[in-house]
Amino acid sequence: MAEYKLTTPLTDEDVVQLKAGDVVFLTGKIYSARDAAHKKLVDLLDAGKDLPFDLEGASIYYVGPSPAPPGRPIGAAGPTTSYRMDSYAPRLHSLGLKATIGKGKRNEETRKAMQDHKAVYFGATGGAGALLSNSIKKSEVIAFDELGPEAIREMTVEDFPLLVINDAHGNELYAVPDRKAAGIE
């Protein structure tokens, strides 16, 4: 297991060095999007329209944060279950999306898309939304305001703590029965 400090937008070189089990502290811009926002993104693509942010090198955090308390850019910002976005993720990876952030397992098609397009899936600690929000320095709704907490936000993060669950080489942290024998501990 290694530790990395990475800055968005992510490159192929950033992603291919990572292995399942590595710790990453991410800095830069990331985007929030959950189920309803993903559907709207795909609808825009199907209609031949531009997306509200550039997918090339982007990182999407599956989060619907709580309202920001006074003086804070965002409220609690814990991850949501990722498999709900699996029907959309392969297409977005094919268009340049480099990382997704959430909790739980991904399906086979999504894991294959990560390999094919040199992308990674990061786990964020579920139940720690208030703590995770400390790494979010700025948050601004950039699309689909009508979705409330599920609107797309551009968030500036600093040393956002993540764990590599699925790497670009087909490895999955959750599927390794003996992490030490696999060389990731």
Just report the Cα centroid separation between region 87-107 and region 6-73, whole Å.
10
Let a ≥ b ≥ c be the square roots of the eigenvalues of the Cα gyration tensor of the chain; is it rounded (a/c under 1.5), or, if not, prolate (a/b larger than b/c) or oblate?
oblate
Residues in region 136-156 that a label on residue 84 would reach, taking backbone N under 18 Å of a point 7 Å out along Cα→Cβ:
144-153
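Determine the alpha carbon to alpha carbon distance for each of 49/138; 29/49; 40/137; 103/138; 39/137; 5/29 and list only those over 24 Å. Let's see the in-between values first.
On the way: 49/138 27 Å; 29/49 22 Å; 40/137 26 Å; 103/138 22 Å; 39/137 27 Å; 5/29 14 Å.
Result: 49/138; 40/137; 39/137 exceed 24 Å.
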Which of the listed residues, 127, 59, 4, is farthest toward the dipole's positive end in region 3-174, when Lys, Arg count +1 and Asp, Glu count -1 at the beta-carbon?
127
May I ask you to sort 7, 80 by Cβ crowding, counting other Cβ atoms within 10 Å and putting the fewest first?
7, 80
Treating cross-link reach as a plain straight distance, find the lysines whose alpha-carbon is under 17 Å from the alpha-carbon of residue 105, omitting any fewer than eight places away in the same chain.
19
With both bridge residues required to lie in the chain, what share of the DSSP beta bridges run antiparallel, to the nearest 5%?
55
R0 = 35 Å: FRET efficiency of residue 50 with residue 1, Cβ-based, nearest 0.05?
0.35
GNM on the chain, Cα springs under 10 Å; top mean-square fluctuation among 75, 123, 48 goes to 48
Springs between alpha-carbon pairs under 10 angstrom, Gaussian network model over the chain: which of 121, 62, 174 fluctuates most?
174
Extension gain, residue 158 back to residue 146 (0.36 nm per residue minus Cα-Cα distance, nm):
1.6 nm
Build a GNM of the chain with springs between Cα atoms under 10 Å: which of 128, 37, 151 gets the top mean-square fluctuation?
128
Relative contact order computed over the chain (Cα-Cα under 8 Å; 6+ residues apart), in percent:
30
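Computed from the coordinates by the stated procedures, all read-outs in this text should not be read as laboratory data. Computed from a predicted structure; not experimentally measured. Neighbour counts run over all protein chains shown; Cβ positions are idealised from the backbone, glycine included.
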